[in-house]
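Asker: After the structure tokens below, expect a handful of questions from me.
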Amino acid sequence: MTAIVFYQYLIHFAVMLTILIMMAAYLLTSRRNAFGSELVTDQRLRRKAGRLIFIYTLIYLANIPMVLWLADDLQLLQMASVTVDMTIWCPVVLHFLLDLLQDRRHWDNRLLLFSVLAVMPLTGWLLTGYTWWKWAVYGMYLAEVTFFIGWYIRAAIAYRRFLADNYADLEHKEVTWSWIILGSMFFSLINYLLILFQSDMQICVDLSYIFHLADILFIGIIVWYIDHQQVLEPLTAETGVEKLSKEQEAETDEIAHTLTDQTTKEDIIIARTGALLRKHCEETQLYLQHDLSLKIVAQVCNTNRTYLGRYFASQGLTYYTYINKLRIEHFQSLYRQALKEKNTPPTTLQQLSLDSGFISYNTFSRAFLSCTGISVGKWLEQQNLN
């Protein structure tokens, strides 16, 4: 590496470090959201994101002397860089990304075994000098990244099911940002792999500029996501779920008399839970309440989330689809009533969606498409033609 190239690289590192330090300082010191000030975000996640960026800053600092000392041995530089990523960066990033899936604890300390094994190929190459150790390093890196990404996808899918089973309003709780973050990671990974398989130092330096910009994009998306992720209500574990309350038994005891002798206890629980939902959620229009969680419905119905979950499972529903189906039916009723009174509705569609229990029109339109299979606009066209 020539002196000019090295100084250009050093300037590039200085700019990158400045950006990273500013992002870390913002998350660690600021309690106000620059991008989502109306939300109450999780301060614990903000601090963890700040520490993640701080660790990334330290890795960048460590790269400067590593590039300087190993500039004449590109192969060793590449292997050392990969080893640092496998032992520090990959586990730290995965641990943080799993923390973004709030209320879901998927981390397993056995994953750290990958970090311990990651130093073995580099050690073998330094001791023996055999070239095939280089491919062992790259192979292990690809295996670790693939395994970690697979682990995260599995956790994100489980988190999405958790949200659908416990929350009706998924605004600021959706996992869409998780896939965007994952996509930015793939972009960085592709650039990184291109660097690893180059034998020309100048090309490696040029590609590293793109790689570092991709890293800034990745960190920037995380900062944006933290500022837009609303704190979830903690859902504590329940006890005694196999025992029906006396109030629940007395309130819906007439249902048991209509059931046959072959009816199981599970059938009775499902029937009683359905009756409680009809009385306390549907008839009272509890579903019109904003930010209505399964926990609140369970408290109002004098039951628990376990019984509600069994009922929804028996109907082939999630809590999300159950509540939003009721809200959409209410919206449709309001709109039809408005058409009867006038040629056009007296209020805007946004107001009708809010009156139907949705916290925003965007949430309403997504729920409408998910629950009915057609867009709001298409449904409105059908109604106006009738």
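Asker: For Leu61 and Ile190, what is the calculated FRET efficiency with R₀ set at 22 Å and r taken between the beta-carbons, to the nearest 0.05?
Answerer: The pair Leu61/Ile190 has a calculated efficiency of 0.35.
Asker: Give the calculated FRET efficiency between Trp69 and Asn362 to the nearest 0.05, with a Förster radius of 56 Å applied to their Cβ-Cβ distance.
Answerer: Calculated transfer efficiency: 0.60.
Asker: Work out the FRET efficiency for Lys265 and Asp355 from their Cβ-Cβ distance, taking R0 = 45 Å, and round it to the nearest 0.05.
Answerer: After rounding, the FRET efficiency stands at 0.65.
Asker: At 1.4 Å probe size, with the rest of the protein present, what percent of the exposed accessible area of segment 264-328 is carbon and sulfur atoms?
Answerer: It is 52 percent, rounded to a whole number.
Asker: Using a basic spin-label model with each label point 7 Å from the Cα along Cα→Cβ, how many nm lie between His228 and Ser375?
Answerer: If labels sit at His228 and Ser375, their model points lie 2.0 nm apart.
Asker: Test of understanding: what is the full-extension gain from His12 to Thr284, defined as 0.36 nm times their sequence separation minus their Cα-Cα distance?
Answerer: 91.7 nm
Asker: Obtain the nm distance between the two label points defined at Ile21 and Val300 by a simple spin-label model: each point lies 7 Å from its Cα along the Cα-to-C-beta direction.
Answerer: A separation of 5.2 nm, rounded to one decimal place.
Asker: Leaving ligands and nucleic acids out of the surface, order Trp135, Trp89 by accessible area at 1.4 Å, largest first.
Answerer: Trp135, Trp89
Asker: Which of the peptides 319-332, 302-315, 365-378 is most tightly packed, and how do the rest follow, judged by the mean count of other Cβ atoms within 10 Å per residue?
Answerer: Per-residue Cβ counts within 10 Å, averaged per peptide and sorted highest first, yield 319-332, 302-315, 365-378.
Asker: In addition: Please compute the length gained on full extension between Leu142 and Gln43, using 0.36 nm multiplied by the number of residues separating them and subtracting their Cα-Cα distance.
Answerer: 32.3 nm
Asker: Please give the contour-minus-distance gain from Leu182 to Val92: 0.36 nm per residue of separation, less the Cα-Cα distance, rounded to one decimal in nm.
Answerer: The Leu182-Val92 span can extend by a further 30.9 nm.
Asker: Here's another thing I want to ask about it. Testing the spin-label approximation: label points 7 Å from Cα along Cα→Cβ at Phe54 and Ser30. State their distance in nm.
Answerer: Those two pseudo-labels are separated by 1.8 nm.
The values are calculated or read from the model by the stated rules, or taken from the named source; none is laboratory data. Because the structure is a prediction, the values reported are computed rather than measured. For neighbour counting, all protein chains shown are included, and Cβ atoms are generated from backbone atoms with ideal geometry for every residue, glycine included. What goes into the accessible areas is simple: the full protein's heavy atoms, side chains included, and nothing from ligands, DNA or RNA. Shrake-Rupley method; radii C 1.70, N 1.55, O 1.52, S 1.80 Å.
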